[in-house]
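Notes to accompany the following structure.
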Amino acid sequence: MLKYVRVRDYLRSLVTHELAVGDAIPSERLLCERFGVSRMTVRQAVDALVVEGLLAREQGRGTFVAPTKLDLEVRLASFGEEMRRRGMEPSSKVLAAEQVAASSDIADALDLLPGEQVFYLHRVRYADGEPMAIEQTWVPCGLAPGLFDDGAPPSVYGELRRRGLEPDWGEDTVAATEVDAQDAELLGLRAGKAVLRLSRRTFAGEVACVYSRSSYRADRYVLWVPLRAPRPALTPRSTEATG
């Protein structure tokens, strides 16, 4: 067995059975003495677990057990619905809830004309009290009059369903990028850390009813996409007459 594999498997067992999230792993010196290996070998083992997401390095402090990552499954569900499905308690901090004129990109996403009125909701989303994502959401005012009359609704999808609009399909784009200083503070991250940016157009039938942009903490999520084999291509029937 490769030397680093022995160290890696020992650390994985510690993380799984003995240590808690945020606990420090044994020092490089102790691991070198325990296994009779070099610091380079220990670092190789630790690097492998950092890549797996089991450990997290903090510059100047050390290496710690990382929080368990949630799979960011691309499905048409609200943040609250997803967190409750995982047994976590969702909550939100509303940063803005107002009626604004749609910019050209927002209008294009919602099949509106630039300048038409939309409801804009900007929130930090939490799970069990920990910041997980930042969401910006736009809804055409004509589809949900008085949406903010009683304050921001806990679930935009839920409010649309209550009004007879059932969000039933959508399309997402996902990209990885670095978080800026403002969002980093809201998410409890250092500026420059990675986030997953998700843009979503949601439809109720043929009506574009919601457009949203979300930033998810990459240290708490991995993207999970179910796949299936492609269906056979449809072959047009021959137009030749048969005798």
Taking the simple approach of a point 7 Å from Cα along Cα-to-Cβ for both LYS3 and LEU95, what is their distance in nm? 4.8 nm
Give the calculated FRET efficiency between THR16 and THR173 to the nearest 0.05, with a Förster radius of 35 Å applied to their Cβ-Cβ distance. 0.50
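FYI, it's all coordinate maths here, none of it is from the lab. This one's a predicted model, so the numbers in the text were calculated from it and none came from an experiment. As a convention, Cβ positions derive from the backbone with ideal geometry for all residues, glycine included, and neighbour counts pool all protein chains shown.
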